[in-house]
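Taken together, the values in this text are just the output of simple stated rules run on the coordinates, not laboratory data. In this text the structure is predicted, and so the values were computed from the model without any measurement. Neighbour counts are summed over all protein chains in view; Cβ atoms, including those assigned to glycine, are modelled from backbone coordinates with ideal geometry.
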């Protein structure tokens, strides 16, 4: 096995498993920063040892074991330093690290860490920021874009949340079943944000991050097994119905393909059927909340694969219902876009003007892109150009910027 081959394998394992290894280390070591340090130590050891000894049979378990040993060593060094400063004698029986085969690798440490971050002792905004950063690996910039908040503010929330966890000595474990419902809403919100960043990445050269969307789907499936509830089932339905169009949303060269131009033969029918099944199960459960409304909208879009026709009146009605439940600016933007497509520009213009006056979406590229499309259809070319240029300036997604460049080019031609 060559060094180059091993390095490539380590990089692949890092991309696929690093957050899961990290979650295990947080649970075992009880500290975010120590677990992050141990994670880097473990992968560094892999780069040194695997070219010589070969790839272990269970790479993730190997990384968790090595990371825990390194973390415990770091803890001991800190304790020795603290005792030396305090001039205290060492304990008579030092705590030994466990043997590698004694390490119990829980079935899904990331789900345990997800619930651990969603603790009622932490402020809600800190819970979300901490979970997205430490469990899912999103950057502070990606989290800030999702919440329309400065990255520096997100970073401060994460630091304060870690400090609070250390001060209170909170455990990293899945809570008792009677505590689960109280944390369900936030966990679902976090999973939605992770999927959404995978569905349409806010930055970088790749528009679809399958690692994030697949992980959100996987964790939501586990959550449906752990805590069956219509909202969990609705969220899984939403993910599957939207992810079904993955292959049709970008070209082989990575260019964005708009919904109206997608090849419906590329839509994943298995995903669509499963998504419909989960939505029907959620509706049978008796709830029809915000998540269920979004899943129903995705289902109506998905059904156009068979009919070739989009039922715009139904989609608009579902958007109206969704806004009544969740009148956030992004929800109202989605409604305005649906009305623009289904009814035309007149009412959509009024709704987009309201959002413009409020200013809450001023730094949100899709808002300006929607206004650009509205102005284009109204023949107000100068305003369309300004809106597209504003969206281009704000966007940090390379495929999104190329699409906006094409839109600007079409205005000139």
Review point. What is the extension gain from residue 176 to residue 33, computed as 0.36 nm multiplied by their sequence separation minus the C-alpha to C-alpha distance, in nm to one decimal?
Key: 48.9 nm
Check your understanding: Which angle from 0 to 90°, rounded to the nearest 10, does the C-alpha axis of helix 180-199 make with the longest principal axis of the chain?
Key -> 70 degrees
Exercise for review: Using packing as a proxy for protection, rank 214-225, 109-120 so that the peptide with the highest average count of other Cβ atoms within 10 Å comes first.
Suggested key: 109-120, 214-225
**Study point:** For region 1-57: rounded, prolate or oblate by the Cα gyration tensor [a/c cutoff 1.5]
**Key:** prolate
Review point. What Rg and what Dmax come out for region 267-413 when only alpha-carbon atoms are used, in angstroms?
Key: 16.9, 53
Exercise for review: May I ask you to list the residues of region 329-363 whose amide nitrogen lies under 16 Å from a point 7 Å from Cα along the Cα→beta-carbon direction of residue 377?
Suggested key: 333-354
Study note, to complete from the structure: Distance in nm between residue 125 and residue 160 label points, each 7 Å along Cα→Cβ, equals 0.7 nm
Study note, to complete from the structure: Sorted on mean Cβ neighbours within 10 Å (highest first), peptides 260-269, 399-408 come out as 399-408, 260-269
Review point. With contacts defined as alpha carbon pairs under 8 Å and 6 or more residues apart, what's the relative contact order of the chain in percent?
Key: 11 percent
Review point. Could you give the angle, 0 to 90 degrees to the nearest 10, between helix 290-307's Cα long axis and the longest principal axis of the Cα atoms of the chain?
Key: 60 degrees
**Study point:** For region 53-68 versus region 276-349, the gap between their alpha-carbon centres in whole angstrom
**Key:** 46 Å
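Return the calculated 222 nm mean residue ellipticity for the chain, to the nearest 500 deg cm²/dmol, obtained by summing -39500 (n - 2.57) across DSSP H runs with n ≥ 4 and dividing by the residue count.
Result for the chain, helices only: -23000 deg cm²/dmol.
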Practice item. With everything on Cα atoms, drop me the angle between helix 3-29 and the longest principal axis of the chain, reported from 0 to 90° to the nearest 10. Key: 80 degrees
Practice item. Grab the Cα-Cα distance for residue 259 and residue 363, subtract it from 0.36 nm times how many residues apart they are, and report the gain in nm with one decimal. Key: 35.1 nm
Check your understanding: How big is the convex hull of the Cα atoms of the chain, per residue, in Å³?
Key -> 179 Å³
Practice item. Could you tell me which of rounded, prolate or oblate describes region 315-378, using a ≥ b ≥ c as the square roots of the eigenvalues of the alpha-carbon gyration tensor, with rounded for a/c under 1.5 and, failing that, prolate when a/b is larger than b/c and oblate otherwise? Key: oblate
Practice item. Using R₀ = 45 Å, calculate the FRET efficiency as 1/(1 + (r/R₀)^6) where r is the Cβ-Cβ separation of residue 386 and residue 80; round to 0.05. Key: 0.10
Review point. Spin-label point model (7 Å from Cα, Cβ direction): what's the residue 408 to residue 52 distance in nm?
Key: 5.4 nm
Point to revise | Segment residue 214-residue 11, length gained on full extension (0.36 nm per residue, minus Cα span) | key: 71.2 nm
**Study point:** Within a Gaussian network of the chain (alpha carbon springs, distance under 10 Å), most fluctuating of 141, 121, 167
**Key:** 167
Study note, to complete from the structure: Two pseudo-spin positions, 7 Å from Cα along C-beta at residue 60 and at residue 354, lie apart in nanometres by 4.6 nm
